[in-house]
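Presented below is the structure to which this report refers.
The values are calculated or read from the model by the stated rules, or taken from the named source; none is laboratory data. Remember, predicted model here, so these are calculated numbers, not experimental data. Cβ atoms come from the backbone with ideal geometry, glycine included; neighbour counts cover every protein chain shown. What goes into the accessible areas is simple: the full protein's heavy atoms, side chains included, and nothing from ligands, DNA or RNA. Shrake-Rupley method; radii C 1.70, N 1.55, O 1.52, S 1.80 Å.
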Amino acid sequence: MSAASRSARPLRIVIIGAGMAGILSAIKLREAGFDDFVLYEKAARLGGTWRENTYPGIACDVPAHLYTYSFEPNPDWSHVFAPGDEIQRYFERVADKYGVTASIRCGVEVQRCEFIEGRWQLHLGNGATDTADIVIAASGVLHHPNLPDIPGLDCFGGASFHSAQWDHAVPLDGRRVGVIGTGSTAIQITSALAARVARFTLFQRTAQWIAPIENPPYSAEERAAFARDPSLIEKLRRDIDKAAIEKISNAVIDAESPEMKKIEAMCRANLERHVHDPVLREKLRPNYRAACKRLIFSSDFYTAIQHPNAELVTDAMERVEAGGVRTRDGRLHELDVLVLATGFRADRFIRPTVVRGRHGVVLDDVWADHPTAYLSLSVPGFPNFFLLNGPNGPVGNFSLIQIAELQIGYVLQLMTHIRDGHCREISASAAATRAFDVERIEAAKKSIWATGCKSWYLDRNGVPASWPWTYTRFEDEMSTPKLEAYDLN
Ligand code: N01
């Protein structure tokens, strides 16, 4: 007899967000026999990060064959690190193939979720309501643009937009383009635009370490071989995975590890070797340890910033004026286009959706000090509500697809207990969540993220919010829920 036909209680499930994790959730729910679900997506189409971010030069900094659902390999990735539009098309294709697209309600924002008499009542932006037994919040991590509070931003006479809201109607060729920020986004934009536009100005507040990782294309022969023999992709995934875990994931959680020292030496050598002007080289030299901020992979940023069209500005920005950006030294950097590559508010998660758990407790209040969740996916007092890529998950060191696959597998195990009638409500216990948080915060002190830089990995207390342990530990934790860590009602 199948699990579904034994079911003690049919469950209705709402998935919030139709990005990578939401599409994955829908596929895995159906596979496990949970057919009654809907995905609410506030935007006009699916895709999450890859729908929102369309800036010139966008690519994923996780190798393409690893940033792929394990059950849906893609022999056609054009490059080792795939461009953003290819990734967007991949998700659209997968959603169609697995019949998910028809379950997505686009343009519908979930504004409120309230746990009332054992079920979640949802209030939607279109005025409608819905009811669910289970809510899966797959609303992403980096999607609330962080807008800088530079005086005069509104007075700019040219075109200005955040990197995640790129205005493709604005011409770039022959224009003077300024970019604020030096995160992964700004570095990719610099590589794509410095030689293309009339004048390119990069406003740097903090220098970045750059790891010189090449991004070669896959040849037609390689792609044909992948298509003929999927075991080649499987082997490639295993090899990349092993290398990434040994060389990066295990390195960043121990600032004093030999692997970390190797990364630092590689970044230092990259700077020395590729930046020729000693003055520019010193401007580009960070005063903190490599990988303290998210490490940037780029084989062409240093070439781009040394292009005759390009200028690196390190004087602080005083204000934005109609004609451009005025720096503290009194100079006006004249611009036609100003791009704010100033990152995201990484602590938002499901917010601004208002989530009320048992007894009307509001998630925003529970997270007033810092967002936290047991194993990054369950919050005490919020039964049958699961976060994918939630707070304190491994956002800093792994492929988020691998993480989400492990998480949904774990959530499905919890859901099966509810469906099979072992309990009606599951949420992490307060004690387990506290113990997890204490141990996590202690472990985070050893990580490279805690070595004295500012980054989106840190919470408002300056504690690294990313998973501070090994990937193996995450896999182990996700393999089988420890039910003693949960309140089961
Ligand atoms: O954002 P960031 P991002 N005045 O937060 C600066 C993923 N991602 O969009 O360092 C002046 O890293 C800020 O300066 P500082 C990836 O996980 C992946 O680039 O705080 N400057 C910083 O330089 C990545 O880590 C890919 O001093 C201001 C920059 O803006 C994450 O997204 C591609 C400022 C923000 O950098 C976020 O990357 C792109 C101000 N008021 C993104 N406010 C790939 O897969 C902020 N800054 C390759």
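A few comments on the model shown:
- Of the residues in region 77-85, at least one is among the aliphatic types (A, V, I, L, M) and crowded, with 19+ Cβ neighbours inside 10 Å.
- Of the numbered criteria (1) more than 26 Å from Arg285 (Cβ to Cβ); (2) open to solvent by 50 Å² or more (accessible area, probe 1.4 Å), the one Thr303 fails is (1).
- Scope region 263-293; condition closer than 23 Å to Pro216 by Cβ and open to solvent by 60 Å² or more (accessible area, probe 1.4 Å); matching residues: Met266, Arg273, His274
- Criterion: in contact with a Ser or Thr (Cβ under 9 Å, 6 or more places away or on another chain), among the small types (Gly, Ala, Ser), at positive phi and open to solvent by less than 30 Å² (accessible area, probe 1.4 Å) - qualifying residue of Gly324, Gly357: Gly324
- Residue that is within 16 Å of the ligand (Cβ to nearest atom) and either among the β-branched types (Val, Ile, Thr) or under 17 Å from Met260 (Cα atoms) (or both), where the choices are Trp449, Trp456: Trp449
- Every pair of residues 6+ apart whose Cβ atoms lie under 6 Å, when the first sits in region 218-232 and is of a type in the set (D, E, K, R) while the second is at pLDDT 95 or above and outside any helix (DSSP H, G or I): Arg223/Pro75; Arg223/Asp76
- Counting the residues of region 332-362 that are more than 16 Å from the ligand (Cβ to nearest atom) and of a type outside the set (Lys, Arg) gives 14.
- Residue within region 408-416 that is without any contact (Cβ under 8 Å) to a residue 60 or more places away in the chain, of a type in the set (Ser, Thr, Tyr) and surrounded by fewer than 20 Cβ atoms within 10 Å (Cβ to Cβ) present: no
- The listed residue being within 16 Å of the ligand (Cβ to nearest atom) and part of a loop (DSSP other than H, G, I, E, B), out of Ala195, Ala164, Ala207, Ala186: Ala207
- Checking region 212-221 against the condition returns a match, with at least one residue being within 24 Å of the chain's Cα centre (by Cα), within 12 Å of the ligand (Cβ to nearest atom) and open to solvent by 40 Å² or more (accessible area, probe 1.4 Å).
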